[in-house]
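Asker: Could you have a look at this structure, given as structure tokens, before my questions?
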Amino acid sequence: MSNMAISVEKELFSKEKDIDLTQYFAVLWRYKWPIIFFTGLVSALVVMVLLQMTPFYKAKARLLIESEQAKAVSFDDVYGLDSSRKEYLQTQFEIIKSRKLAERVIERLDLQFHPEFATDKPPLWQRVLSPVLPEDTAAFEASVKPYLDWVPGLFSDDGEGKNLEFKKQMLLETFKQRLTVSPVVNTQLVDIGFYANDPKFAALVANTMGEIYIENHLDAKLAVTRKASEWLSARLDELLVSLRLSEERLQNFREREGLLEIDGSLGLASVEMNELTAQLSLARQRRDEARSLLNVVRQKGTSNIDSLDGLAEISGHRVIQEVKKAEVAAASNVAELSKRYGPKHNKMIAAKAQLAEVRANMRTQVRKLVTGIEQDYNSINANVAGLERQMNQLKDKYQDQNRVEVEYRELQREVESNRRIYETFLNRMKETGAVADFDAAHARFTDNAEPPLYPAKPKKKLIAIAAVFLSFLFACVVALIHSALTDTITDGNQVESKLAAKLLGVIPLQKTKGRLDYKTFFSKQASGFAEAWRTVRTGYLLSHLEDSGNSLCVTSTAPGEGKSTASFNLSLAMSQLERVILIEADLRKPVMGKMLGLPAYKPGLSNMLTGTHKLEDCVYRVPDSQLDVMVAGAMVSTPLELIASTAFTHLVEQLKGRYDRVVIDTAPVDVVSDALVISRCVDSTVYVVKSNKVRSELIKRSIARLFAAQVRVDGVILNGVPKELTNYKRYQSYYGTGTEKA
């Protein structure tokens, strides 16, 4: 394919098109009978099934689940569910749907014997073949069982069917499928519903389920309380033994250590230690003072009494003070007497002797004080040593008491801990026992289930309407998908939208036996058919008002699109206004002679081009018309070379001069290239497309080949369009014609 053909084809394929809803309606209209049939069939089957279905009634009981349960006393409950958490209600809903509650309802109502839950149904083969079975089903079963015994569940004695556990499971699953639990949004209410064929039975099961749920909670609470009481009682016995053993160990320790009261003994020892510490501190202070004084005395020496007199501890002593007073008095007396008497006077001698005696007494007293200081230091030092010994002894005693106290406190804490635990368990057991028999229901009925008046399912009207709508919708979708997958041209709008080509006209489909003959154009019953071709003729002539071209070729994409018939009828329509000749240039598969009823040896185009016959011998006038036809003639082995010859070109030019219009019927474009060769000898080309025949991509590719060869395509004739998609019936009404003939 040339580059020009490729570019033209891309332009055709890439051209954007607006969505045209009429195309979809046209497709649906074309498939209307299959759509109606499918919709009716499905709807009828659904209605038949609905008529056979047993109605189900739904009864609904409403419960209020309390978030805070009533308490007879302010004791904590041992049944530990936190009703304040958001998961609490969801947990209760799941409990209602639990297997355990379903089994209790089944047991209480004996549902295994209820007709709605009967598991002893006839075998599968009897249920399927019941309309055609003989009366003696046992004999029939015995005859076919050896051949079909391998099918599970087919016969009544199948092992699985006789299994009681299997039947129980099936009953339970059926019950749970019919049970509904629907919480009311933003409330603590829950609806318990049940489906059944009998409305009274449905209400009974719904109410029973609510009662079982309440009882189950109370039973669970009571069981937990009793279990807790038993555990507490057993635990109390163990705790009492532990308490007695710890008390016994404490008493033995007190007796072994001789303790009357540990707090008093430790307190007395502490007071003694504090007092002794104070005494020792004071004694050490006095010892330090005595040592300092003694050291000073020793430094000054005991021989120099006058130097010791300067010490405050000596000069300030009471005895020394009195001796000093006596010395001052004696010295004053000597001084007074010396004023009156001489040194040798008896009074002076006596006064001086007294003064010397007083001073000798001073020295004696000082020496005594020095000796006393040493003795005081030794006494104080001995006292300090004694106090220190007492302190060490008291410390040892206090540490021993501390060790005793630690062990004592440990034993005492063990006793107190065991006592507290025992008392806690004892109180809890009493509380549990006190409220064990108090049944405070955590849920209650707000509305009991009542037998419903109308069935809840199946919703037959809604299902029937949905079946009609969905089947119709499905059929429409399938029709559209089928049309999209086939991607053919079905109406005139698609010619312009998909092919981007001008529509010259739409030719209605004619139902005939075999191929159309030339008389169809003149038939009164097919007046709309002839009018359609006149419309095509008018469209073609209007497109050539401004040019003098008088030749055209008619082609199509593939065989079987009615190309030859189209060229013939278009020529007939043109022959009513002008002189027209139709040349059958499809030398590969000629059909024009047969359509006109001519003999097979009738000379035609091939004979004319090979020179075996003259022009007058090869032209045939169609009866009752002004149309001349040149059929294909004798079969040739190389039709393309014959058409591409100069003789063919000269023939076309010769006929253009003799006739007002020359129409050439060519071979399909997608099969051979004859049309491309012939189109260069004519002024324009008319393209024939049969409705719902060839894919639009193939048609566009063929038209692109013509455009690439610089061929003028005047437009497209859409052939074989169903009459319901055309104006054919309107033409019939207008012309007053009868009904069409097959």
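Asker: Return yes when LYS656 is closer than 20 Å to SER551 by Cα and among the basic types (Lys, Arg) and no when it is not.
Answerer: yes
Asker: Residues to consider are ALA206, ALA228, ALA202, ALA223; find the one that is under 43 Å from the mean Cα position of the chain (by Cα), in a helix (DSSP H, G or I) and surrounded by fewer than 16 Cβ atoms within 10 Å (Cβ to Cβ). It would help to see each step written out before you state the result.
Answerer: On the way: ALA206 fails: surrounded by fewer than 16 Cβ atoms within 10 Å (Cβ to Cβ); ALA228 fails: surrounded by fewer than 16 Cβ atoms within 10 Å (Cβ to Cβ); ALA202 fails: surrounded by fewer than 16 Cβ atoms within 10 Å (Cβ to Cβ).
Among ALA206, ALA228, ALA202, ALA223, only ALA223 is under 43 Å from the mean Cα position of the chain (by Cα), in a helix (DSSP H, G or I) and surrounded by fewer than 16 Cβ atoms within 10 Å (Cβ to Cβ).
Asker: A follow-up question, please. Using the structure shown, decide if SER67 is part of a loop (DSSP other than H, G, I, E, B), at pLDDT 70 or above, under 25 Å from GLN188 (Cβ atoms) and within 32 Å of the chain's Cα centre (by Cα).
Answerer: Criteria met by SER67.
Asker: Pairs please, first residue from the range 22-33 and over 15 Å from SER497 (Cα atoms), second anywhere and of a type outside the set (Gly, Ala, Ser) and in a helix (DSSP H, G or I), Cβ atoms under 6 Å, 6+ apart in sequence or on different chains.
Answerer: Sorted first by the residue in the range 22-33, then by its partner, the pairs are LEU28/CYS476.
Asker: Next question, about the same structure. Looking at SER303, is it modelled with pLDDT under 70, under 30 Å from VAL384 (Cα atoms), in the same structural domain as GLU388 (by TED's automatic domain parsing) and surrounded by fewer than 17 Cβ atoms within 10 Å (Cβ to Cβ)?
Answerer: no
Asker: List pairs: first residue in the range 708-721 and under 18 Å from ARG537 (Cβ atoms), second residue surrounded by fewer than 20 Cβ atoms within 10 Å (Cβ to Cβ) and of a type in the set (Asp, Glu) anywhere in the structure, Cβ distance under 8 angstrom, at least six positions apart or on different chains.
Answerer: Taking only residues 6 or more apart or on different chains, the pairs are ARG712/ASP683.
Asker: For the condition at pLDDT below 90 and in the same structural domain as GLN494 (by TED's automatic domain parsing), what is the one hit in VAL721, VAL686, VAL682, VAL716? If you could, list the steps in order and put the result at the bottom.
Answerer: Numbers: VAL686 fails: at pLDDT below 90; VAL682 fails: at pLDDT below 90; VAL716 fails: at pLDDT below 90.
One residue alone meets the criteria, VAL721.
Asker: Could you tell me whether SER571 is more than 19 Å from LYS502 (Cα to Cα) and modelled with pLDDT of 90 or more?
Answerer: Here the answer is yes, as SER571 does meet what is asked.
Asker: So, one more: Which is surrounded by fewer than 22 Cβ atoms within 10 Å (Cβ to Cβ) and assigned by TED's automatic domain parsing to the domain that holds MET630, of LEU587, LEU570, LEU541?
Answerer: LEU541 is the lone residue from the list that is surrounded by fewer than 22 Cβ atoms within 10 Å (Cβ to Cβ) and assigned by TED's automatic domain parsing to the domain that holds MET630.
Asker: Let me spell it out: the conditions are (1) surrounded by 12 or more Cβ atoms within 10 Å (Cβ to Cβ); (2) modelled with pLDDT of 65 or more; (3) not small (Gly, Ala, Ser), and PRO343 meets all of them except one. Which number is the exception?
Answerer: (1)
Asker: Moving to a separate point now. Filter the range 1-42 down to the residues that are of a type in the set (Val, Ile, Thr), within 30 Å of ILE465 (Cβ to Cβ) and in a helix (DSSP H, G or I), then identify the one that is modelled with the lowest pLDDT.
Answerer: Per the stated criteria, the residue is THR22.
The values are calculated or read from the model by the stated rules, or taken from the named source; none is laboratory data. Because the structure is predicted, anything quoted here is derived from the model rather than measured. Methodologically, a virtual Cβ is constructed for each residue, glycine included, from the backbone with ideal geometry; neighbour enumeration extends over all protein chains shown.
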